[in-house]
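The structure appears below as structure tokens.
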Amino acid sequence: MPIRTMTAKERDQLFGDGLVLPVRRPNRQPKVSGKADNSEFPFLQFNTEHGQGFSATLIDGPSTDLFEIAGLEWSADLHDDVWGHHNWKSLLEECDTAEIIEIGSQDHTLRMSDIFSWVVISDPEKFRQELRAAILAAARKR
């Protein structure tokens with residue numbers, strides 16, 4: 001039977017409802033209590049410990065589409081330009097309003113480990129602007 005990677009939607013359905021991965025504490029997936037109280041920023045969720053933001057894993061990346069947040073339409077050229085210079089973490093590190101907090105890890109599977117993070121967003125509107133600028137700057141490096 002072939003092994004397949006869990007999609008972001010499947011991961012959110014499984015872990016977004018307060019379930020935790022079968023790992024030792026404190027290495028755990030963030031407990032999300034739902035969407036942040038702002039329909040203008042649907043990508044935001046609320047974590048009781050860290051506040052508004054979204055989850056991410058080192059392997060699968062963010063739980064939300066960064067191009068969509070930045071208001072950019074995905075294209076193969078833009079995708080190649082951005083990911084040719086960045087990974088999701090380095091792209092978010094370009095944004096002053098995003099703070100990546102490592103909250104856990106899973107390393108009990110042979111040759112397979114992952115790090116779970118919560119990306120805290122201090123100012124959603126400014127984050128959109130910074131993310132858009134970072135993506136467009138990466139695209140210009142071509």
When residues of segment 97-116 are limited to those that are hydrophobic (A, V, I, L, M, F, W, C) and more than 22 Å from ILE69 (Cβ to Cβ), the one modelled with the lowest pLDDT: LEU110
Could you list, in sequence order, all residues of segment 86-96 that are surrounded by 14 or more Cβ atoms within 10 Å (Cβ to Cβ) and out of contact with any strand residue (DSSP E or B) (no Cβ under 9 Å at 6 or more places or on another chain)? HIS86, LEU91, GLU94
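So that you can scan it fast, the table gives a plain yes or no per residue for (1) modelled with pLDDT of 80 or more; (2) assigned to a loop (DSSP other than H, G, I, E, B):
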| residue | (1), (2) |
| --- | --- |
| GLY34 | no, no |
| PHE46 | yes, no |
| PHE54 | yes, no |
| ILE59 | yes, yes |
| THR64 | yes, yes |
| GLU68 | yes, no |
For segment 95-112, state whether one or more residues are within 17 Å of ALA139 (Cα to Cα) and out of contact with any Lys or Arg (no Cβ under 7 Å at 6 or more places or on another chain). yes
Could you list, in sequence order, all residues of segment 59-94 that are in contact (Cβ under 8 Å) with a residue 12 or more places away in the chain, within 20 Å of LYS126 (Cα to Cα) and of a type in the set (Gly, Ala, Ser)? SER63, ALA70, GLY71
Members of segment 70-83 that are in a loop (DSSP other than H, G, I, E, B) and in contact with a helix residue (DSSP H, G or I) (Cβ under 8 Å, 6 or more places away or on another chain): ALA70, GLY71, LEU72, GLU73, TRP74
Restricting attention to segment 97-130, and to residues there that are part of a helix (DSSP H, G or I) and acidic (Asp, Glu), which single residue is most open to solvent (accessible area, probe 1.4 Å)? GLU125
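The values are calculated or read from the model by the stated rules, or taken from the named source; none is laboratory data. Given the structure is predicted, the values throughout are model-derived calculations rather than measurements. Neighbour counts run over all protein chains shown; Cβ positions are idealised from the backbone, glycine included. Ligands, DNA and RNA are excluded from the accessible area calculation, which covers all protein heavy atoms including side chains. Shrake-Rupley method; radii C 1.70, N 1.55, O 1.52, S 1.80 Å.
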